[in-house]
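Beneath this line is the structure, given in structure tokens, with notes to follow.
The values are calculated or read from the model by the stated rules, or taken from the named source; none is laboratory data. These numbers were taken from a predicted model, which means no experiment stands behind them. So basically every Cβ, Gly included, is an ideal-geometry build from the backbone, and we count neighbours across all protein chains shown.
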């Protein structure tokens, strides 16, 4: 018997005023982390600059629609549909939008380790980003 899950992004549980979709949990993925981020135009400081040096997670950013600027260790990269960027764990990153909104799929995991989802990505978990 086939085993699969289909969900529309806009019907997925979301936090942070609807911007952070819990895609991994909605689809039942357990092998890697995966979220969809919707950012409106003009966001310059809402997406936290961060790295994953502490947890060793590498991430891939996939632009589904719109455009944005991804700053990676001070270098500015243009995110447009069909572009993908891999970022190593200890590398700082942040996203800013200009005149357009952007929808990003962000996939992550720790090389060589089994995935352990953070609580924030679990369905029904509290929205600690908005507190």
query = Is it the case that some residue within region 73-80 is surrounded by 13 or more Cβ atoms within 10 Å (Cβ to Cβ) and closer than 20 Å to residue 129 by Cα?
reply = no
Flagged pairs (Cβ under 8 angstrom, 6 or more apart or on separate chains; first in region 8-28, touching a residue at least 12 places away in the same chain (Cβ under 8 Å) and at positive phi; second in a loop (DSSP other than H, G, I, E, B) and surrounded by fewer than 16 Cβ atoms within 10 Å (Cβ to Cβ)) are 16/127; 16/129; 16/130; 17/130; 28/5
Per the list (1) surrounded by fewer than 19 Cβ atoms within 10 Å (Cβ to Cβ); (2) in contact with a strand residue (DSSP E or B) (Cβ under 9 Å, 6 or more places away or on another chain); (3) modelled with pLDDT under 95; (4) more than 16 Å from residue 109 (Cβ to Cβ), residue check on residue 47 breaks on (1)
By residue number, the members of region 51-82 that are out of contact with any strand residue (DSSP E or B) (no Cβ under 7 Å at 6 or more places or on another chain) and part of a strand (DSSP E or B) are 75
- With the condition kept exactly as written, say whether any residue in region 6-15 is farther than 22 Å from residue 127 by Cα, at pLDDT 95 or above, out of contact with any strand residue (DSSP E or B) (no Cβ under 8 Å at 6 or more places or on another chain) and in a loop (DSSP other than H, G, I, E, B). yes
Taking region 21-36 and keeping only residues that are touching a strand residue (DSSP E or B) at 6+ places or on another chain (Cβ under 6 Å) and at pLDDT below 95, one is left with none
Among the residues of region 109-131, the number that are under 14 Å from the mean Cα position of the chain (by Cα), over 18 Å from residue 38 (Cβ atoms) and either at pLDDT 95 or above or surrounded by 16 or more Cβ atoms within 10 Å (Cβ to Cβ) (or both) is 2
